[in-house]
Amino acid sequence: MSLSRVQPINWDRVNTVLLDMDGTLLDLHFDTYFWTQYLPKKYSEIHATPLNKITPEIHRRLKEKQGTLDWYCTGYWSREFNLDIISAKNEVKHLVTERPQALEFLNILGTIGKRRILVTNADRPSLELKFSMTSIESALDVVVSSHDYAVPKEKQQFWHQLQDNISFEPSRTVFIDDSESVLNAAKTYGIKALYGISMPDSRQLHPSEMPFPVIEDFLHLLGPVNG
(Lines give C-alpha, C1' and ligand atoms only; values in the text may rest on other atoms or scores of the structure.)
Protein backbone atom coordinates (compact mmCIF):
# COMPACT_ATOMS: atom_id res chain seq x y z
CA MET A 1 0.00 0.00 0.00
CA SER A 2 1.52 3.31 -1.02
CA LEU A 3 2.09 6.38 1.12
CA SER A 4 -0.63 8.29 -0.73
CA ARG A 5 -3.25 5.91 0.70
CA VAL A 6 -2.11 6.38 4.31
CA GLN A 7 -4.18 9.19 5.77
CA PRO A 8 -3.11 11.39 8.70
CA ILE A 9 -4.57 10.24 12.00
CA ASN A 10 -7.26 12.15 13.88
CA TRP A 11 -5.29 12.51 17.08
CA ASP A 12 -8.28 13.79 19.04
CA ARG A 13 -9.49 10.18 18.99
CA VAL A 14 -6.20 8.66 20.17
CA ASN A 15 -4.70 8.53 23.63
CA THR A 16 -2.18 5.67 23.33
CA VAL A 17 0.43 4.84 20.69
CA LEU A 18 1.98 1.37 20.80
CA LEU A 19 5.23 1.06 18.87
CA ASP A 20 7.47 -1.83 17.93
CA MET A 21 11.24 -1.34 18.10
CA ASP A 22 13.25 -3.37 15.56
CA GLY A 23 12.12 -2.51 12.04
CA THR A 24 9.78 0.22 13.29
CA LEU A 25 11.61 2.78 15.42
CA LEU A 26 14.99 1.26 14.60
CA ASP A 27 16.42 0.13 11.27
CA LEU A 28 16.16 -3.65 10.97
CA HIS A 29 19.48 -3.79 9.11
CA PHE A 30 21.44 -4.43 12.31
CA ASP A 31 19.37 -7.49 13.17
CA THR A 32 19.29 -8.81 9.61
CA TYR A 33 23.06 -8.50 9.30
CA PHE A 34 23.78 -9.97 12.73
CA TRP A 35 21.64 -13.08 12.42
CA THR A 36 22.23 -13.89 8.76
CA GLN A 37 25.89 -12.92 8.36
CA TYR A 38 27.78 -11.99 11.52
CA LEU A 39 26.55 -14.83 13.76
CA PRO A 40 27.52 -17.59 11.28
CA LYS A 41 30.93 -15.93 10.86
CA LYS A 42 31.40 -15.67 14.63
CA TYR A 43 30.31 -19.27 15.17
CA SER A 44 32.66 -20.45 12.44
CA GLU A 45 35.60 -18.69 14.09
CA ILE A 46 34.86 -19.83 17.65
CA HIS A 47 34.00 -23.43 16.85
CA ALA A 48 36.36 -23.94 13.89
CA THR A 49 33.49 -24.91 11.60
CA PRO A 50 33.47 -24.15 7.84
CA LEU A 51 31.31 -21.08 7.21
CA ASN A 52 29.59 -22.62 4.20
CA LYS A 53 28.43 -25.53 6.38
CA ILE A 54 27.33 -23.71 9.50
CA THR A 55 25.49 -20.82 7.79
CA PRO A 56 22.57 -22.88 6.43
CA GLU A 57 22.42 -24.84 9.69
CA ILE A 58 22.11 -21.64 11.75
CA HIS A 59 19.46 -20.29 9.39
CA ARG A 60 17.51 -23.55 9.64
CA ARG A 61 17.57 -23.53 13.44
CA LEU A 62 16.50 -19.91 13.59
CA LYS A 63 13.61 -20.53 11.20
CA GLU A 64 12.37 -23.43 13.31
CA LYS A 65 11.83 -21.07 16.25
CA GLN A 66 10.36 -18.16 14.29
CA GLY A 67 7.32 -16.65 16.00
CA THR A 68 8.14 -18.21 19.37
CA LEU A 69 9.60 -16.48 22.41
CA ASP A 70 12.84 -18.46 22.00
CA TRP A 71 13.38 -16.83 18.60
CA TYR A 72 13.72 -13.47 20.35
CA CYS A 73 15.73 -14.71 23.35
CA THR A 74 19.47 -13.99 23.37
CA GLY A 75 19.95 -16.32 26.34
CA TYR A 76 18.37 -19.20 24.45
CA TRP A 77 20.60 -18.69 21.40
CA SER A 78 23.69 -18.24 23.56
CA ARG A 79 23.06 -21.72 24.94
CA GLU A 80 22.13 -23.21 21.57
CA PHE A 81 25.23 -21.90 19.78
CA ASN A 82 27.57 -21.99 22.77
CA LEU A 83 28.60 -18.35 22.42
CA ASP A 84 27.62 -15.07 24.07
CA ILE A 85 25.08 -13.50 21.72
CA ILE A 86 25.03 -10.10 23.46
CA SER A 87 28.83 -9.88 23.41
CA ALA A 88 28.76 -10.71 19.70
CA LYS A 89 26.07 -8.09 19.09
CA ASN A 90 28.19 -5.52 20.88
CA GLU A 91 30.94 -6.09 18.34
CA VAL A 92 28.71 -4.69 15.57
CA LYS A 93 26.51 -2.36 17.63
CA HIS A 94 27.64 0.61 15.55
CA LEU A 95 25.09 -0.63 12.97
CA VAL A 96 22.18 0.13 15.35
CA THR A 97 20.40 3.23 14.04
CA GLU A 98 17.04 4.93 14.38
CA ARG A 99 14.74 4.97 11.38
CA PRO A 100 14.25 8.40 9.75
CA GLN A 101 11.94 10.72 11.73
CA ALA A 102 11.34 8.13 14.48
CA LEU A 103 12.68 10.29 17.30
CA GLU A 104 10.98 13.43 16.01
CA PHE A 105 7.71 11.50 15.77
CA LEU A 106 8.03 10.30 19.36
CA ASN A 107 8.83 13.77 20.63
CA ILE A 108 5.83 15.31 18.89
CA LEU A 109 3.56 12.59 20.27
CA GLY A 110 4.80 13.52 23.73
CA THR A 111 4.17 17.20 23.09
CA ILE A 112 0.53 16.55 22.15
CA GLY A 113 0.01 14.37 25.22
CA LYS A 114 -0.12 10.86 23.78
CA ARG A 115 1.18 7.86 25.73
CA ARG A 116 4.17 6.38 23.89
CA ILE A 117 4.54 2.72 24.75
CA LEU A 118 7.21 0.46 23.30
CA VAL A 119 5.96 -3.10 22.87
CA THR A 120 8.74 -5.35 21.61
CA ASN A 121 9.63 -9.01 21.37
CA ALA A 122 13.26 -8.10 22.05
CA ASP A 123 14.51 -9.28 25.43
CA ARG A 124 15.87 -6.92 28.07
CA PRO A 125 19.59 -7.40 27.21
CA SER A 126 18.81 -6.51 23.58
CA LEU A 127 16.81 -3.50 24.73
CA GLU A 128 19.72 -2.24 26.81
CA LEU A 129 22.08 -2.54 23.84
CA LYS A 130 19.69 -0.73 21.48
CA PHE A 131 18.96 2.02 23.99
CA SER A 132 22.69 2.59 24.54
CA MET A 133 23.14 3.33 20.83
CA THR A 134 20.03 5.48 20.22
CA SER A 135 17.99 8.25 21.83
CA ILE A 136 14.56 6.60 21.80
CA GLU A 137 14.39 5.50 25.44
CA SER A 138 13.99 9.05 26.76
CA ALA A 139 11.09 9.62 24.32
CA LEU A 140 9.08 6.65 25.60
CA ASP A 141 6.67 6.58 28.53
CA VAL A 142 6.58 2.80 29.06
CA VAL A 143 8.77 -0.03 27.77
CA VAL A 144 7.26 -3.51 27.58
CA SER A 145 9.16 -6.62 26.47
CA SER A 146 7.15 -9.72 25.63
CA HIS A 147 9.67 -11.59 27.79
CA ASP A 148 8.13 -9.79 30.77
CA TYR A 149 4.98 -11.81 30.08
CA ALA A 150 6.72 -15.00 28.84
CA VAL A 151 4.70 -14.89 25.61
CA PRO A 152 5.40 -13.19 22.24
CA LYS A 153 3.26 -10.50 20.62
CA GLU A 154 2.01 -13.04 18.11
CA LYS A 155 -0.13 -14.63 20.86
CA GLN A 156 -3.39 -13.29 22.31
CA GLN A 157 -2.10 -13.86 25.85
CA PHE A 158 0.39 -11.04 25.27
CA TRP A 159 -2.33 -8.52 24.49
CA HIS A 160 -4.45 -9.52 27.48
CA GLN A 161 -1.46 -9.17 29.79
CA LEU A 162 -0.58 -5.83 28.20
CA GLN A 163 -4.11 -4.64 28.90
CA ASP A 164 -3.79 -5.74 32.54
CA ASN A 165 -0.46 -3.93 32.79
CA ILE A 166 -1.08 -0.58 31.07
CA SER A 167 -4.88 -0.39 30.65
CA PHE A 168 -5.41 0.93 27.13
CA GLU A 169 -8.54 1.43 25.06
CA PRO A 170 -8.23 -0.52 21.78
CA SER A 171 -10.61 1.94 20.05
CA ARG A 172 -8.34 4.87 21.02
CA THR A 173 -5.02 3.16 20.35
CA VAL A 174 -2.65 3.28 17.37
CA PHE A 175 -0.22 0.38 16.87
CA ILE A 176 2.75 0.44 14.50
CA ASP A 177 4.78 -2.71 13.77
CA ASP A 178 6.72 -4.14 10.83
CA SER A 179 5.44 -7.71 11.37
CA GLU A 180 2.24 -8.80 9.62
CA SER A 181 1.72 -11.68 12.06
CA VAL A 182 1.98 -9.33 15.04
CA LEU A 183 -0.39 -6.82 13.44
CA ASN A 184 -2.86 -9.63 12.80
CA ALA A 185 -2.67 -10.61 16.49
CA ALA A 186 -3.36 -6.99 17.49
CA LYS A 187 -6.29 -6.89 15.04
CA THR A 188 -7.74 -10.05 16.55
CA TYR A 189 -7.48 -8.46 19.98
CA GLY A 190 -9.49 -5.46 18.78
CA ILE A 191 -7.05 -2.70 17.87
CA LYS A 192 -8.27 -1.11 14.64
CA ALA A 193 -5.70 1.62 13.90
CA LEU A 194 -2.89 -0.62 12.66
CA TYR A 195 0.09 0.38 10.52
CA GLY A 196 2.98 -1.50 8.97
CA ILE A 197 6.39 -0.21 7.86
CA SER A 198 7.37 0.13 4.22
CA MET A 199 11.11 -0.55 4.54
CA PRO A 200 11.94 -2.06 7.98
CA ASP A 201 15.47 -2.82 6.75
CA SER A 202 16.90 0.15 4.85
CA ARG A 203 18.99 -2.22 2.73
CA GLN A 204 16.07 -4.31 1.48
CA LEU A 205 15.29 -4.05 -2.21
CA HIS A 206 11.49 -3.96 -2.19
CA PRO A 207 8.90 -2.32 0.09
CA SER A 208 6.91 -4.59 2.39
CA GLU A 209 3.52 -5.77 1.21
CA MET A 210 0.83 -6.51 3.78
CA PRO A 211 -2.93 -6.00 4.21
CA PHE A 212 -2.41 -2.94 6.43
CA PRO A 213 -1.60 0.69 5.66
CA VAL A 214 2.19 0.89 5.29
CA ILE A 215 4.13 3.90 6.57
CA GLU A 216 7.02 5.43 4.66
CA ASP A 217 6.98 8.70 6.58
CA PHE A 218 6.13 8.87 10.30
CA LEU A 219 5.42 12.58 10.18
CA HIS A 220 2.77 12.07 7.49
CA LEU A 221 0.61 10.45 10.18
CA LEU A 222 0.66 13.66 12.19
CA GLY A 223 -1.06 15.79 9.57
CA PRO A 224 -1.95 19.31 10.84
CA VAL A 225 -0.37 18.50 14.23
CA ASN A 226 3.01 18.73 12.52
CA GLY A 227 2.11 21.90 10.62
FRET E, pair ASP164, THR188, Förster distance 25 Å, beta-carbon r, rounded to 0.05:
0.90
Before rounding to the nearest 500, sum -39500 (n - 2.57) across all DSSP H runs of length at least 4 in the chain and divide by the residue total; then give [θ] at 222 nm in deg cm²/dmol.
-10500 deg cm²/dmol
Please give the net charge around LYS130, taking every other residue with its beta carbon less than 13 angstrom from that of LYS130, where Lys and Arg add +1 and Asp and Glu add -1.
-4
Whole-number accessible area per residue in Å² for the stretch 170-211, which is evaluated in the context of all protein chains at 1.4 Å
49
Cβ charges +1 (Lys, Arg) and -1 (Asp, Glu), total dipole of the stretch 153-207, debye
100
Are there any trypsin sites (Lys or Arg not before Pro) in the stretch 1-88 that are in a DSSP loop and have at most 16 other Cβ atoms within 10 Å? List them by number.
LYS65
Connecting every pair of Cα atoms under 10 Å apart in the chain and solving the GNM, the largest mean-square fluctuation among ILE46, ILE136, ILE108 falls on ILE46
Computed over the stretch 15-83, protein heavy atoms only, probe 1.4 angstrom, the accessible area per residue in square angstrom equals 47
Leaving out ligands, DNA and RNA, what percent of the accessible area of the chain is carbon and sulfur, probe 1.4 Å?
49
With springs only between Cα atoms under 10 Å apart, run a GNM on the chain and tell me which of THR97, THR16, THR111 wobbles the most.
THR111
For ARG79 and GLN156, what does the FRET efficiency come to when R0 = 25 Å and r is the distance between their Cβ atoms, rounded to the nearest 0.05?
0.35
Would you kindly find the accessible area of THR32, with a 1.4 Å probe and non-protein molecules such as ligands, DNA and RNA excluded, rounding to the nearest 10 Å²?
50
Calculate the dipole size of the stretch 3-123 relative to its Cα centre from +1 charges on Lys and Arg beta carbons and -1 charges on Asp and Glu beta carbons; express the result in debye to the nearest 20.
220
Using unit Cβ charges (K, R positive; D, E negative) and no other charged atoms, how large, in debye to the nearest 20, is the dipole of the stretch 79-127 about its Cα centre?
280
Run the 1.4 Å probe and let me know the accessible area of TYR38, rounded to the nearest 10 Å².
30
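The values are calculated or read from the model by the stated rules, or taken from the named source; none is laboratory data. Here the structure is a predicted model, which is why all the values come from computation and not from measurement. So basically every Cβ, Gly included, is an ideal-geometry build from the backbone, and we count neighbours across all protein chains shown. What goes into the accessible areas is simple: the full protein's heavy atoms, side chains included, and nothing from ligands, DNA or RNA. Shrake-Rupley method; radii C 1.70, N 1.55, O 1.52, S 1.80 Å.
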